[in-house]
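The values are calculated or read from the model by the stated rules, or taken from the named source; none is laboratory data. Only a predicted model underlies this, so the values are computations on that prediction, with no experimental measurement involved. Positions of Cβ are backbone-derived with ideal geometry, glycine not excepted, and every protein chain shown enters the neighbour counts.
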């Protein structure tokens, strides 16, 4: 069992979103938490496309998410929403897969005009799976450098990220199932 499961919704092999997610995972590991990464690009495309609920791989992903004390979900913004492939994954998982689980939503986008995608697209998706959303993080591409160990190069967003991650880790370590949404 992992304390934290990180789900990347980016189909790209050189993704800013995924780079930030790996960085957050390494920070969580430094605080003595175990972390497991799941990337949609590693899931069999036919299972996603045809909604194969009975796939052993999908069942294993579901098991990892059900046992997680906390989940971080990240995706790039596509057409003012999350990636379609992450939606395909969540569509074939059990409806209450994130029940009472603190979830830190994260999105990356090229412009601030998509900032509300986290509020109007990603958070409702995670709430429909019974996840308990934290405030969340939205990164502009200009605030990130995916070639650096710490890809977050903007000091303001780095400060907000640190605060949100610390709050998330606090909730994960409490792990009592009585998480109240922090909005």
(request) Could you tell me whether segment 83-99 includes any residue that is closer than 21 Å to residue 169 by Cβ, in contact with a strand residue (DSSP E or B) (Cβ under 8 Å, 6 or more places away or on another chain), modelled with pLDDT of 95 or more and crowded, with 16+ Cβ neighbours inside 10 Å? (result) yes
(request) Could you run through segment 33-59 and say how many residues are surrounded by fewer than 16 Cβ atoms within 10 Å (Cβ to Cβ) and within 19 Å of residue 21 (Cβ to Cβ)? (result) 3
(request) Return the total of residues in segment 3-21 being surrounded by fewer than 20 Cβ atoms within 10 Å (Cβ to Cβ) and under 16 Å from the mean Cα position of the chain (by Cα). (result) 2
(request) Answer yes if at least one residue in segment 116-136 is in a strand (DSSP E or B) and either under 15 Å from residue 40 (Cα atoms) or in contact with a helix residue (DSSP H, G or I) (Cβ under 6 Å, 6 or more places away or on another chain) (or both), and no otherwise. (result) yes
(message) Restricting to segment 102-115, give me the number of residues that are in contact with a helix residue (DSSP H, G or I) (Cβ under 8 Å, 6 or more places away or on another chain) and part of a loop (DSSP other than H, G, I, E, B).
(response) 1
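Yes/no per residue for (1) free of Cβ contacts under 8 Å to residues at least 24 places away in the same chain; (2) farther than 27 Å from residue 154 by Cα; (3) in a loop (DSSP other than H, G, I, E, B):
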{"residue": "25", "(1), (2), (3)": "no, no, no"}
{"residue": "32", "(1), (2), (3)": "yes, no, yes"}
{"residue": "41", "(1), (2), (3)": "no, yes, no"}
{"residue": "48", "(1), (2), (3)": "no, yes, no"}
{"residue": "54", "(1), (2), (3)": "yes, yes, yes"}
{"residue": "58", "(1), (2), (3)": "no, yes, no"}
{"residue": "65", "(1), (2), (3)": "no, yes, no"}
